[in-house]
Amino acid sequence: MRKKGVLITFEGVEGSGKSTQLPLLSDHLKKLGLEVVVTREPGGTALGKEVRSLLVEKKDWSMEPIAELFLYLSDRAQHIAEILQPALQSGKIILCDRFSDATLAYQGYGRGLPIQEIIKANALVTKGIRPSLTFLLDCPIAMGLWRANQRVLKVLGASPLGVEDRFEKEPTDFHQRVRQGYLELAKGEPQRFCVIDASKSEEEIREEILQEVMRFFGLEDRRWRLLIL
Ligand code: TMP
């Protein structure tokens, strides 16, 4: 019998908390004895890390939206060949911090590039790989940006002013368009998207995600709780 893995993605605006929730879910799934791969875009491969630094770190150069789009797609092409395809073929559960929906939300809704063109270009690199389940962590922009700033403050121990990445320093209306874009994508595919209110506590969000994933795998509440809690 051919093994078949599963791709689960996490999406959301800056500071939505997806990068906190993803390792929590990974720990739970590992306790159930499942094989899990945790990865991210951009930056899931050696090449991707270089591309990520071009895309995300604060640099003074200008970048055309179309140049930005193709850098994200380069990262994805390598990520698919090196990480996603092999993991799916060997039956693993992949938890991926951002994937194709981010390109539609940021480069499409955020930057204003034509959605249909992005879909076509993206299809060239994804080779039919699609998430089976996507968590959209949704919260008001002001809250997300505040959280993202707090994260920088924690790491640097200094004022985050001036050290935001290329996206965090975009104006609020850019982030609003990204948020609305994500919500629209979720509305269009309610069977794949699970929209989570990311203004709730970390614990409440963790529980909601866990419930949804267990439902997705068809596991009964009592059985998995005994194993992981
Ligand atoms: P991160 O903050 O989730 O690590 O993602 C890095 C940034 O890259 C974030 O601001 C969202 C942005 N991004 C895009 O603009 N397009 C994409 O296709 C992806 C994957 C991320």
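For the range 99-124: of the residues being open to solvent by 20 Å² or more (accessible area, probe 1.4 Å) and closer than 10 Å to G181 by Cβ, which is nearest to the ligand (Cβ to nearest atom)? Looking at the filtered set, the residue picked out is L104.
Rundown of residues vs (1) assigned to a loop (DSSP other than H, G, I, E, B); (2) within 13 Å of the ligand (Cβ to nearest atom), yes/no style:
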residue: E11; (1), (2): no, yes
residue: Q21; (1), (2): no, yes
residue: L24; (1), (2): no, no
residue: H28; (1), (2): no, no
residue: T39; (1), (2): no, yes
residue: G48; (1), (2): no, yes
residue: S53; (1), (2): no, yes
residue: K59; (1), (2): yes, no
residue: S62; (1), (2): yes, no
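If you go through the range 7-53 and keep only what is in contact with a helix residue (DSSP H, G or I) (Cβ under 6 Å, 6 or more places away or on another chain) and among the hydrophobic types (A, V, I, L, M, F, W, C), you end up with F10, V13, L24, L25, L32, V36, V37, V38, L47, V51.
Is it the case that some residue within the range 81-94 is within 11 Å of the ligand (Cβ to nearest atom) and either of a type outside the set (S, T, N, Q) or under 26 Å from Q180 (Cα atoms) (or both)? No, every residue in the range 81-94 fails to be within 11 Å of the ligand (Cβ to nearest atom) and either of a type outside the set (S, T, N, Q) or under 26 Å from Q180 (Cα atoms) (or both). For the range 64-84, taking the residues that are open to solvent by 60 Å² or more (accessible area, probe 1.4 Å) and either in a helix (DSSP H, G or I) or of a type outside the set (D, E) (or both), the one that is farthest from G110 (Cα to Cα) is identified as E82. Only one of the listed residues (E117, E57) is among the acidic types (D, E) and at pLDDT 95 or above. That residue is E117. Scanning the range 100-153 for residues that are among the basic types (K, R) and closer than 17 Å to F167 by Cα returns R111, R147, R151. Filtered by the rule that a residue be at pLDDT 95 or above and either buried (at least 16 other Cβ atoms within 10 Å of the Cβ) or of a type in the set (D, E) (or both), the range 14-23 gives Q21, L22.
The values are calculated or read from the model by the stated rules, or taken from the named source; none is laboratory data. Please read these numbers as outputs of a predicted model, since none were measured by experiment. Note that each Cβ is placed from the backbone with ideal geometry, even for glycine, and that neighbours are counted across all protein chains shown. Just the protein is used for accessible areas: all its heavy atoms, side chains included, with ligands, DNA and RNA removed. Shrake-Rupley method; radii C 1.70, N 1.55, O 1.52, S 1.80 Å.
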